[in-house]
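A short worksheet on the structure shown next.
The values are calculated or read from the model by the stated rules, or taken from the named source; none is laboratory data. Quantities reported herein were computed from a predicted structural model and do not represent experimental measurements. Here the Cβ is made from the backbone with ideal geometry for all residues, glycine too, and neighbour counts use every protein chain on show.
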Amino acid sequence: MNDAQITVVVVDDHRIVRDGLRALLSALPGIEVVGVAADGREAIHAVTETGPDVVVMDIQMPELDGIEATRFLVRRDPGLRVVMLTMNEDDETLLAAVRAGAVGYLLKGAGADEVERAIRAAAEGGMVFGAALAARVAAFFAGFTPPSAVAPEPFADLSDREREVLGLLAAGRSNDQIAAALYVSNKTVRNAVSGIYAKLHASGRAEAIVKAREAGYGRSEG
């Protein structure tokens, strides 16, 4: 790719951004802007018509957002390289873009040289993320655990009902509240709580709650 012209489609719903990127990239040696688009649907059409090496894609756009457009384009052509250039820096959006098939993610505050490097690196098969984002992406992939290595469920002796009760117990619910939440009788809850105490070797409610919370129970309930 070093000796070949890198063809690029620029996608952004703000004309000033589109025009600015087109002017910037067109002035660079070895890069040719072959199309522009104002939303995801136009992006699909432009990419279909021009067959670029790299797409510089905004995320928040009308009609079809950049993540959905990227997902469609990469499924259709796995060799297409998409670099997101966006104002969004939250983890959820970043990871959604990566899952959709983006190979780069830059914030719109990135300098011209950073954008250029990202496009050239993407065209050569690399993955590029701004300095502020690279560590978060690395942490995401480093934290991925294959299914075979997933830790066993804590308190394996508990029944499904006892797990439900324990989760609510750890969230601070009373027996009456647990019964109402699970649509069971108070007696069923009392029996489950007694079973939990025995299986967790807990002397009472407080100790059971401490053990449950240490094992991760009660964090998402009520």
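Assorted remarks:
- Residue selection: Val34 satisfies the criterion of being at pLDDT 95 or above, of a type in the set (A, V, I, L, M, F, W, C) and either surrounded by fewer than 20 Cβ atoms within 10 Å (Cβ to Cβ) or outside any loop (DSSP other than H, G, I, E, B) (or both).
- Within segment 179-207, being in contact (Cβ under 8 Å) with a residue 40 or more places away in the chain and either in contact with a Phe, Trp or Tyr (Cβ under 6 Å, 6 or more places away or on another chain) or of a type outside the set (Gly, Ala, Ser) (or both) holds for Lys199, Leu200.
- Scope segment 45-97; condition β-branched (Val, Ile, Thr), more than 13 Å from Ala122 (Cβ to Cβ) and touching a helix residue (DSSP H, G or I) at 6+ places or on another chain (Cβ under 8 Å); matching residues: Val47, Ile59, Ile67, Thr86, Thr93
- Index of the failed condition, Ile59 passing every other in (1) among the β-branched types (Val, Ile, Thr); (2) surrounded by fewer than 22 Cβ atoms within 10 Å (Cβ to Cβ); (3) assigned to a loop (DSSP other than H, G, I, E, B): (2)
- Every condition in (1) assigned to a helix (DSSP H, G or I); (2) surrounded by fewer than 15 Cβ atoms within 10 Å (Cβ to Cβ) holds for Ala43 except the one numbered (2).
- Restricting attention to segment 21-31, the residues being on the phi < 0 side of the Ramachandran plot and either assigned to a loop (DSSP other than H, G, I, E, B) or not assigned by TED's automatic domain parsing to the domain that holds Glu116 (or both) number 3.
- Residue in segment 47-66 that is on the phi > 0 side of the Ramachandran plot and in the same structural domain as Phe129 (by TED's automatic domain parsing) present: yes
- The one condition from (1) surrounded by fewer than 18 Cβ atoms within 10 Å (Cβ to Cβ); (2) within 20 Å of Ile119 (Cβ to Cβ) that Val83 does not meet is (1).
- So Glu89, is it modelled with pLDDT under 80 and surrounded by 15 or more Cβ atoms within 10 Å (Cβ to Cβ): yes
- Selection status of Ala102, in contact with a strand residue (DSSP E or B) (Cβ under 8 Å, 6 or more places away or on another chain) and assigned to a loop (DSSP other than H, G, I, E, B): yes
- Qualifying residues in segment 37-76 (those that are farther than 12 Å from Ala102 by Cα and among the charged types (D, E, K, R)) - the one modelled with the lowest pLDDT: Glu63
- Note on segment 113-128: among residues that are more than 24 Å from the chain's Cα centre (by Cα) and more than 12 Å from Ile31 (Cβ to Cβ), the one that is modelled with the highest pLDDT is Glu124.
- Beta carbons closer than 8 Å, at least 6 apart along the sequence or on distinct chains, pair a first residue in segment 97-121 that is assigned by TED's automatic domain parsing to the domain that holds Val56 and crowded, with 22+ Cβ neighbours inside 10 Å with a second that is aromatic (Phe, Trp, Tyr) and modelled with pLDDT under 90 for Ala97/Tyr105; Gly104/Phe129; Tyr105/Phe129; Leu106/Phe129.
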